[in-house]
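> I have a structure here, written as structure tokens, and I will follow up with some questions on it.
The values are calculated or read from the model by the stated rules, or taken from the named source; none is laboratory data. Predicted, not measured: the structure shown is a model, and the values here were computed from it. Because the Cβ atoms are built from the backbone with ideal geometry, glycine has one as well, and the counts that use them run over all protein chains shown. Remember, those area values only see protein heavy atoms, side chains included, never the ligands or the DNA or RNA. Shrake-Rupley method; radii C 1.70, N 1.55, O 1.52, S 1.80 Å.
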Amino acid sequence: MKRLSVLPQQCLLLLTCLLMALEAVPIDIDKTKVKAEGHAEGEKVENPDTGLYYDEYLRQVIDVLETDKHFREKLQTADIEEIKSGKLSRELDLVSHHVRTRLDELKRQEVARLRMLIKAKMDSVQDTGIDHQALLKQFEHLNHQNPDTFEPKDLDMLIKAATSDLENYDKTRHEEFKKYEMMKEHERREYLKTLDEEKRKREESKFEEMKKKHGDHPKVHHPGSKDQLKEVWEEADGLDPNEFDPKTFFKLHDVNNDGFLDEQELEALFTKELEKVYDPKNEEDDMVEMEEERLRMREHVMNEVDINKDRLVTLEEFLRATEKKEFLEPDSWETLDQQQLFTEDELKEFENHISQQEDELRKKAEELQKQKEELQRQHDQLQAQKQEFQQVVKQMEQKKLQQGNPPAGPGGELKIQPPGEHKAGDAPQHPVGGDQPLPPGHVQEPAVRTDQVHP
């Protein structure tokens, strides 16, 4: 039996398409009957990144669950409603102790990672009082109230979070692309403001010329239509267009032989159409726009062909689509350059938002500059105090030397040599008969009287 690999396109199946698919056995009962031939048993298949901020945690949890025979069997026979309702999550209580222990460890690691991210974010805004427990509430893919053990609630939350996030993934990509296009136009207009009238006219003329050049491309076939697929059949597959066969076409482009056309396999079908419009060598062709066009084409075909909305196209769904009128007589396909991507009001709102962000950044920069200047002032003040102190110490030492006092050390201590420690040749000189104390055990010899000298 083929190993279950959880991928982006299948989020609606495992986690209601838990990860967008590259290769997997879907969780629908009928679909699990399909036998895979593309990979050897036990072979590890590398899956694409979902783009979720908890992508690695999600993959690790699924990999661990797959090692449990009971859960794997339940997973392969579960339908979408069982997954969505949380019924599948309750099966977690029946998995082996080893699996539960490993899941506990994964959750503790994920909580630690999230706490580290929170701390880094709070440190960046100099927030010293961090309430990790409260801030963990913003993460919806795990139960923050129990940071130590992985429970059925954690699996249920992970399924729902991944389902929601991945279902909105394409929408988020469209929004990001729209912002990208508005930023391009905003920067173009701002640049024009810096030019004199003559240069501005030249730039406007060049811009219109590039737009016209980009739009001058061969006809783009409607994605998923017979004409579009026959073009792939002839130019990419090298087959006779008069012998086009939908069933054979499906099997040719089911690259991993799992019985489905997933989203990546579908997107690969549009490469020829995209090459008609976009060339990375051309200044007027934007490769970011090309990927947005690819996404639009794939979404359109999925909406037309994917009947059960599981983000996978079966052979039955594909053949049924080839019988529709839209397959034989499709409407013309409008590329991005033929559409208005945003309105003037939307651009104005976007520019106002940018202006607000710039004002906030400017204020923050000014505050940081003031802090820098204050720190520099304090530094200069401390340096001045240090120099003043050193000058005072130096003056005191000079004064002591003038008064015959031994000089002071760096800390103000007197530099006095201990008794008995003298430099060579510096024997102590005491006046004869003086009253200087003698060292212990030393007997003073009587002084010799000069008037009692004998010959």
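> Being at pLDDT below 85, within 18 Å of Leu158 (Cα to Cα) and open to solvent by less than 40 Å² (accessible area, probe 1.4 Å) is the filter here; which residues of the range 34-54 pass it?
Correct list: Thr50, Leu52.
> If you don't mind, there's one more thing I want to ask. Consider only pairs whose beta carbons are under 9 Å apart and that are at least six residues apart or on different chains; among these, list those whose first residue lies in the range 333-357 and is assigned by the TED database to the domain that holds Gly224 and open to solvent by 100 Å² or more (accessible area, probe 1.4 Å) and whose second residue is among the aromatic types (Phe, Trp, Tyr) and part of a helix (DSSP H, G or I).
none
> Related question: Six or more apart or on different chains, Cβ atoms under 6 Å: show the pairs whose first residue is in the range 53-69 and free of Cβ contacts under 8 Å to residues at least 40 places away in the same chain and whose second is open to solvent by 10 Å² or more (accessible area, probe 1.4 Å).
Between residues of the range 53-69 that are free of Cβ contacts under 8 Å to residues at least 40 places away in the same chain and residues that are open to solvent by 10 Å² or more (accessible area, probe 1.4 Å), the close pairs are Asp55/Asp49; Asp68/Val95; Asp68/Ser96.
> Here is a further query. Got at least one residue in the range 74-90 being touching a Pro at 6+ places or on another chain (Cβ under 7 Å) and modelled with pLDDT of 70 or more?
Looking through the range 74-90, at least one residue is touching a Pro at 6+ places or on another chain (Cβ under 7 Å) and modelled with pLDDT of 70 or more.
> Considering the range 212-237 alone, what residues qualify as being open to solvent by less than 60 Å² (accessible area, probe 1.4 Å) and assigned to a loop (DSSP other than H, G, I, E, B)?
His217, Val220, His221, His222, Pro223, Gly224, Ser225, Asp237
Listed here are the residues, each with its yes/no results for (1) aliphatic (A, V, I, L, M); (2) farther than 17 Å from Asp337 by Cα; (3) out of contact with any helix residue (DSSP H, G or I) (no Cβ under 9 Å at 6 or more places or on another chain).
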| site | (1), (2), (3) |
| --- | --- |
| Asp170 | no, yes, no |
| His174 | no, no, no |
| Met183 | yes, no, no |
| His186 | no, yes, no |
| Arg189 | no, yes, no |
| Leu192 | yes, yes, no |
| Asp196 | no, yes, yes |
| Lys201 | no, yes, yes |
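> Run Phe327 past the list (1) of a type outside the set (Ser, Thr, Tyr); (2) within 24 Å of Met210 (Cβ to Cβ); (3) surrounded by 14 or more Cβ atoms within 10 Å (Cβ to Cβ) and report the number of the one that doesn't hold.
Here Phe327 meets the rest and fails (2).
> Select from the range 143-182 the residues that are over 30 Å from Ala112 (Cβ atoms) and either over 22 Å from the mean Cα position of the chain (by Cα) or assigned by the TED database to the domain that holds Val95 (or both) and list them in ascending order.
Listed by number, the residues that qualify are Glu181, Met182.
> Among (1) open to solvent by 80 Å² or more (accessible area, probe 1.4 Å); (2) under 36 Å from the mean Cα position of the chain (by Cα); (3) farther than 22 Å from Glu304 by Cβ; (4) of a type outside the set (Lys, Arg), there is one condition Val255 misses while meeting the rest; what is its number?
For Val255, the exception is condition (3).
> Moving on. Return the pair list, or none, for Cβ contacts closer than 9 Å from residues in the range 310-326 that are among the small types (Gly, Ala, Ser) to residues that are in a loop (DSSP other than H, G, I, E, B), at least 6 apart or on different chains.
Between residues of the range 310-326 that are among the small types (Gly, Ala, Ser) and residues that are in a loop (DSSP other than H, G, I, E, B), the close pairs are Ala321/Gly224; Ala321/Ile307.
> When Leu295 is evaluated against the numbered criteria (1) open to solvent by 30 Å² or more (accessible area, probe 1.4 Å); (2) within 24 Å of Phe177 (Cβ to Cβ); (3) part of a helix (DSSP H, G or I), which criterion, by number, is the only one it fails?
(1)
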